[in-house]
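A quick write-up on the structure given underneath.
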Amino acid sequence: MLEFAILGLLQQSPMHGYELRKELAAVLGGRRSISYGSLYPALKRLAGAGLIASDEPTPRALLPADAPALTGRRGKVVYTITAEGKERFAELVSEAGPEAYDDEGRFGVHLAFFRHTAADVRLRILEGRRRTVERQRDRLLESLRRTQARLDRYTLELQRHGLDSVDREVRWLTELIDSEKDDARAEAARARPPGTAPPSTT
């Protein structure tokens, strides 16, 4: 997930480590704090795989051998995505299977880069995420039905709060799905030759 987010950000523009850390926090929605201790090993893995490259204005000879590629007195290390990295990012944004929506964090990264994602893939990911959340809601409802008679009112309110959160996510996803479908219909209408009737839905 971290590597996916890094490639997505570098796809937009080159960045140095501090910028990447700040932008990653925005992409991941505050769900997790990205430390330099996790960022720089991820950057090293991506560089080792040939997916990103770095421009180091500070001569390495002046730094300890194990120093991270961070800000130097003479400038900052700037990371850029390579052609191989762009191909890998294109593969990642085209994934529409359960790996794209079952995990909330992975889904959030996909959503952050939806502008780079084909419309049909966006719709499959959103519909898959809604199914996942609806299953969560069904399990919560079943659990509440079986246990509510034995719960104290505070625990019961906590379970109801969780259920309300899931219901809100289902409604939000439904709105996004409807918007995607509206956009697809509008795009199809623009693509039709003048005077051509829309396809029948019957």
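The values are calculated or read from the model by the stated rules, or taken from the named source; none is laboratory data. This structure is a prediction, so every number in the text was calculated from the model and none was measured. Note that each Cβ is placed from the backbone with ideal geometry, even for glycine, and that neighbours are counted across all protein chains shown. With ligands, DNA and RNA removed, areas are computed over all heavy atoms of the protein, side chains included. Shrake-Rupley method; radii C 1.70, N 1.55, O 1.52, S 1.80 Å.
Of note:
- Only a single item in (1) over 26 Å from GLU23 (Cα atoms); (2) open to solvent by 60 Å² or more (accessible area, probe 1.4 Å) is not met by HIS116, and it is number (1).
- The listed residue being over 21 Å from GLN12 (Cα atoms) and at pLDDT 95 or above, out of ARG74, ARG124: ARG124
- Any helices (runs of 4 or more DSSP H) falling wholly within the range 102-202 and containing at least 2 residues that are β-branched (Val, Ile, Thr) and over 15 Å from the mean Cα position of the chain (by Cα): 119-147, 153-191
- Within the range 1-43, the set of residues being over 19 Å from LEU111 (Cβ atoms), open to solvent by 60 Å² or more (accessible area, probe 1.4 Å) and either touching a Pro at 6+ places or on another chain (Cβ under 6 Å) or touching a residue at least 24 places away in the same chain (Cβ under 8 Å) (or both) comprises PRO14, TYR18, TYR36.
- Condition check for ALA65: out of contact with any strand residue (DSSP E or B) (no Cβ under 9 Å at 6 or more places or on another chain), within 12 Å of ILE81 (Cα to Cα) and either open to solvent by 40 Å² or more (accessible area, probe 1.4 Å) or at pLDDT 80 or above (or both): no
- Residue selected from the range 148-199 under the condition of a type in the set (Val, Ile, Thr) and without any contact (Cβ under 8 Å) to a residue 12 or more places away in the chain, by the criterion surrounded by the most Cβ atoms within 10 Å (Cβ to Cβ): THR155
- Members of the range 76-101 that are assigned to a helix (DSSP H, G or I), touching a Ser or Thr at 6+ places or on another chain (Cβ under 9 Å) and over 20 Å from ARG45 (Cβ atoms): PRO98
- Restricting attention to the range 89-105, the residues that are surrounded by fewer than 18 Cβ atoms within 10 Å (Cβ to Cβ) and either charged (D, E, K, R) or in contact with a strand residue (DSSP E or B) (Cβ under 9 Å, 6 or more places away or on another chain) (or both) total 6.
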